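What follows is a short report on a single structure.
Nothing in this text is a laboratory measurement; each read-out follows from the coordinates by a stated rule. From a predicted model like this one, the values you see are computed outputs, not experimental measurements. Reconstructed Cβ throughout: ideal geometry from the backbone, glycine too, with neighbour counts over all protein chains shown.
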Amino acid sequence: MTRAEAMQAELFQEPAPRHADRIPMDMDAVIDGLDWAGIAAQLDAEGYALLPQWLMPEQARALGRHAAALERASLARGGLGQGDLHYFPADLPAPLAAWRADLYRRLAPISNRWSERLGSGYRYPGELEPFLRRGRQAGQTHALTHLSQLRGDDYVALHQRNEGAHVFALQLVALLAEPGLDFTGGEFVMTEQRPRMQSRPIVLPLRLGDAALIATAHRPVRGASGADYRVNLKHAISRVLGGTRIGLELSFHDAP
């Protein structure tokens, strides 16, 4: 059994009877059943949209256990903080690949609307594969989707994942450990910088299995004059005070 097959089996294994009412239905149906009008509105207003209980606790912990099997990169080596990132291969395991394709299909219209409002002229295809193909043709072949594993005193500095000519406007983050039980500290933080204004800090109240859709780097905001302007967003994870924090960052584009 390959690592991808092992991950699929662990994430979608039959639940124990006592948890039967807590295991989600097929993820395609979960994604289709989300309030996409509400998600789009929250993304427009805040630059993020919360997806509570995106994964059931059993699924979240199962996904987090795969960190040891992935390629490890030190945050300190890249000047991005302290701790480890564990990168998935370009060909994501089946569950993550399916989630990414389904989410992209829903998010492409939002990204195209943002692109139009910002006057960039960039149009995202309706499906993920043609968009990834554009990136590969431009030399974007380094997978960005990863698990983060942070222990006491580890953190992720403010950053953006927007390298390359083909950058998707949105990405997904999820928490695979329980605050207060598995770790303390380690809040997911965003900052928003508007022209001629102080940066606005945002702390996302994530629990085990929760996810959020966030702006990758920029989003449009309607000004008092009625015209749109570009707002710059970065994200980070604050210092972990104790325990081990594990999270997922799912990107829809690759890096050069």
Next item on the list: Take ARG239 and decide whether it is touching a helix residue (DSSP H, G or I) at 6+ places or on another chain (Cβ under 7 Å) and of a type in the set (Lys, Arg).
Entry: no
Next item on the list: Give me the pairs, please: first residue somewhere in segment 54-66 and free of Cβ contacts under 8 Å to residues at least 60 places away in the same chain, second residue anywhere and of a type outside the set (Gly, Ala, Ser), beta-carbon distance under 6 Å, and either six or more positions apart or on two chains.
Entry: ALA62/GLU10; ALA62/LEU11
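State the number of residues belonging to segment 168-195 that are polar (S, T, N, Q) and over 26 Å from ALA62 (Cβ atoms). Please lay out each step first, then the result.
Residues of segment 168-195 that are polar (S, T, N, Q), as a first pass: 171, 184, 191, 193.
If we keep only those that are over 26 Å from ALA62 (Cβ atoms) as well, we get 191, 193.
The total comes to 2.
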Next item on the list: Return yes or no: is PRO95 without any contact (Cβ under 8 Å) to a residue 12 or more places away in the chain and out of contact with any strand residue (DSSP E or B) (no Cβ under 6 Å at 6 or more places or on another chain)?
Entry: no
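Inside segment 89-111, can you point out the residues that are more than 30 Å from ALA68 (Cα to Cα) and either surrounded by fewer than 17 Cβ atoms within 10 Å (Cβ to Cβ) or β-branched (Val, Ile, Thr) (or both)?
Narrowing segment 89-111 to residues more than 30 Å from ALA68 (Cα to Cα): 105-111.
Within segment 89-111, ARG105, ARG106, PRO109, ILE110 qualify.
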Margin query: Checking TYR48 against (1) of a type in the set (Ser, Thr, Tyr); (2) closer than 29 Å to PRO130 by Cβ; (3) surrounded by fewer than 16 Cβ atoms within 10 Å (Cβ to Cβ), only one condition comes out false. Which one?
Written below: (3)
Notebook entry, point to check: Restricting the search to segment 115-133, which residues are among the acidic types (Asp, Glu), touching a residue at least 24 places away in the same chain (Cβ under 8 Å) and either surrounded by 12 or more Cβ atoms within 10 Å (Cβ to Cβ) or in contact with a strand residue (DSSP E or B) (Cβ under 7 Å, 6 or more places away or on another chain) (or both)?
Noted result: GLU127
Check: Do you know which of the residues in segment 207-230 that are hydrophobic (A, V, I, L, M, F, W, C) and in contact (Cβ under 8 Å) with a residue 60 or more places away in the chain is farthest from THR184 (Cα to Cα)?
Finding: ALA215
Note to self: Going by what's in this entry, would ALA177 be described as touching a Lys or Arg at 6+ places or on another chain (Cβ under 7 Å), surrounded by 15 or more Cβ atoms within 10 Å (Cβ to Cβ) and among the aliphatic types (A, V, I, L, M)?
What the structure shows: yes
Item checked: Among the candidates ALA94, ALA60, ALA69, residue that is touching a helix residue (DSSP H, G or I) at 6+ places or on another chain (Cβ under 6 Å) and farther than 20 Å from HIS142 by Cβ -> ALA94
Checklist line | Residue count for segment 204-229, restricted to those that are assigned to a strand (DSSP E or B) and either among the aliphatic types (A, V, I, L, M) or surrounded by fewer than 17 Cβ atoms within 10 Å (Cβ to Cβ) (or both) | finding: 10
